[in-house]
Amino acid sequence: SPGQRQAIEAPSGATLVLAGPGAGKTFCLIERIHHLIEHFDVAADRICAFTFTNKAAGEIAARLERTLGTEAARVKSGTIHAFCAELLREHGDRVGLESGFGIADETYQRTVLRRLGVPPQFHTKFFTRLAAHRFLDEPLHPKDVRVVESYENFLAARNVVDFDLLLIKTQELLADSQTAAIIRRRWDCVLVDEFQDLNPVQYAVIRAIAGDPPA
């Protein structure tokens with residue numbers, strides 16, 4: 001459609017595409033990458049594309065391969081959590097993580113809460129409140145303060161982070177301007193699928209990697 005073509009062929013630079021469900025946003029992202037390579041002479045390994053679910057990451061990887069062939073493997077694409085984990089594997093010692101740190105999935109997190117004496121029926125609400133505190137600076141309920149401290153100490157003692165901490169630790173890592181500059185030099189173009197789903201920490205991570213847009 002004309003709107004899709006406008007998004008795909010937009011001039012190089014910061015571009016925000018507004019589109020509703022079913023408008024072909026993923027199609028535009030794939031074709032935008034193709035356009036950057038074919039018409040702006042951007043090397044495939046200088047492009048980084050973020051998604052938010054493993055399903056979307058797999059779909060984009062498959063569609064990139066159909067569109068670009070062997071060049072697709074050179075495009076850095078995947079979930080933002082996977083990207084953060086990779087950066088922390090490389091630089092985690094700068095933010096207090098030891099080599100070989102583990103990543104806690106939901107089952108592990110719930111096991112920790114049970115070890116801390118939190119009944120299973122309260123786990124989901126606890127994690128919702130914890131995320132709101134971490135990402136939106138909402139104050140913790142007084143009853144949660146002790147549990148959060150014990151939960152995070154339990155993870156830290158075992159060199160483990162949960163998925164939220166992957167983002168928070170990466171934001172902390174990229175707050176160092178020299179480290180951010182080194183990482184930023186790896187890519188010329190950063191694309192984000194479902195940009196509206198970014199929370200403030202994810203936005204800060206991507207902003208640090210992409211650099212400030214033109215004034």
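Tell me, what is the Rg over Rh of segment 7-71, with Rh the Kirkwood radius over Cα pairs?
Numbers: Rg = 11.8 Å, Rh = 12.6 Å.
Computed over Cα atoms, the ratio is 0.94.
At q = 0.18, 0.22 Å⁻¹, what log₁₀ I(q)/I(0) does segment 103-215 have when each alpha carbon counts as one equal point scatterer in the Debye sum? Each listed q corresponds, in turn, to -0.98, -1.24.
3J(HN,Hα) couplings calculated from phi for segment 52-61 with the Karplus curve 6.51 cos²θ - 1.76 cosθ + 1.60 (θ = phi - 60°) are, in sequence order, 10, 9, 4, 4, 5, 4, x, 5, 5, 4 Hz; Gly and Pro show x. Taking 23, 49, 175 in turn, the Gaussian network model of the chain (Cα-Cα springs below 10 Å) assigns the largest fluctuation to 23. Take the Cβ-Cβ distance between residue 157 and residue 73 as r, set R0 to 45 Å, and report the resulting FRET efficiency rounded to the nearest 0.05. Approximately 0.70, to the nearest 0.05.
Per-residue extension of 0.36 nm, minus the Cα-Cα distance of residue 138 and residue 66, leaves a gain of 21.5 nm for this segment. Estimated translational diffusion coefficient (Stokes-Einstein, Kirkwood radius over Cα pairs, 25 °C, 0.890 mPa s) of the chain: 129 µm² per second.
May I ask for the net charge around residue 151, where only other residues with Cβ less than 15 Å from the Cβ of residue 151 are counted and Lys, Arg are +1 while Asp, Glu are -1?
Details: positive: 110, 114, 115, 125, 129, 134, 143, 146, 158; negative: 105, 106, 144, 149, 152, 162, 164.
Net charge in that neighbourhood comes out at +2.
When the chain is described by a simple charge dipole with +1 on each Lys and Arg Cβ and -1 on each Asp and Glu Cβ, the residue from 35, 199, 49 located farthest towards its positive end is 199. Using only Cα atoms, locate the centre of segment 85-135 and the centre of segment 1-35, then give the distance between them in Å, rounded to an integer. Segment 85-135 and segment 1-35 have Cα centres separated by 35 Å. At what distance in nm do the modelled label points of residue 15 and residue 27 sit from each other, each positioned 7 Å from its Cα along Cα→Cβ? In this crude spin-label approximation the distance works out to 1.6 nm.
Ratio of alpha-carbon Rg to the 2.2 N^0.38 Å globular estimate for segment 1-128, to two decimals, please.
Ratio of Cα Rg to 2.2 N^0.38 Å: 1.40.
Could you check which residue among 91, 141, 34 shows the biggest mean-square fluctuation in a GNM of the chain with a 10 Å Cα cutoff? Ranking 91, 141, 34 by mean-square fluctuation puts 141 first.
Along the axis of the charge dipole computed for the chain (Cβ charges of +1 for Lys and Arg, -1 for Asp and Glu, origin at the Cα centre), the listed residues 6, 83, 101 are led at the positive end by 101.
Contact order, relative form, for the chain: 25 percent (alpha carbon pairs under 8 Å, 6 or more residues apart, mean separation divided by residue count).
Report, in debye and to the nearest 20, how large the dipole of the chain comes out about its Cα centre when Lys and Arg carry +1 and Asp and Glu carry -1 on their Cβ. Walk me through the intermediate numbers first.
Details: 25 positive and 28 negative charges, 89 e Å.
Charge dipole of the chain: 420 debye, to the nearest 20.
As a length-normalised measure over Cα pairs under 8 Å and 6 or more apart, the relative contact order of segment 170-210 settles at 61 percent. Estimated purely from DSSP H runs of n ≥ 4, each contributing -39500 (n - 2.57), the mean residue ellipticity at 222 nm for the chain is -17500 deg cm²/dmol once divided by its residues. Here residue 143 is the anchor, and the lysines within straight C-alpha reach of less than 16 Å, apart from those fewer than 8 places off in the same chain, are 125. Residues in segment 1-84 average 56 Å² of solvent-accessible surface per residue, probe 1.4 Å, ligands and nucleic acids excluded.
Looking at the square roots a ≥ b ≥ c of the eigenvalues of the Cα gyration tensor of segment 119-178, which shape do they give, rounded for a/c under 1.5, prolate if a/b is larger than b/c, or oblate? Write down the numbers at each step before the final one.
On the way: a/c = 2.27, a/b = 1.58, b/c = 1.43.
Prolate, since a/c reaches 1.5 and a/b exceeds b/c.
When the Gaussian network model of the chain links Cα atoms closer than 10 Å, the mean-square fluctuations of 182, 37, 60 top out at 182. Under 24 Å of direct C-alpha separation, and excluding same-chain neighbours fewer than eight residues apart, residue 25 reaches these lysines: 55, 76. Based on Cα contacts under 8 Å between residues 6+ apart, segment 94-215 shows a relative contact order of 30 percent. Taking Cα centre as origin and charging only the Cβ of basic (Lys, Arg, +1) and acidic (Asp, Glu, -1) residues, the dipole magnitude of segment 1-45 rounds to 260 debye.
The values are calculated or read from the model by the stated rules, or taken from the named source; none is laboratory data. Worth saying up front: this structure is predicted, and the values here are computed from it rather than measured. Cβ atoms come from the backbone with ideal geometry, glycine included; neighbour counts cover every protein chain shown. Side chains included, ligands, DNA and RNA excluded: accessible areas come from the protein's heavy atoms. Shrake-Rupley method; radii C 1.70, N 1.55, O 1.52, S 1.80 Å.
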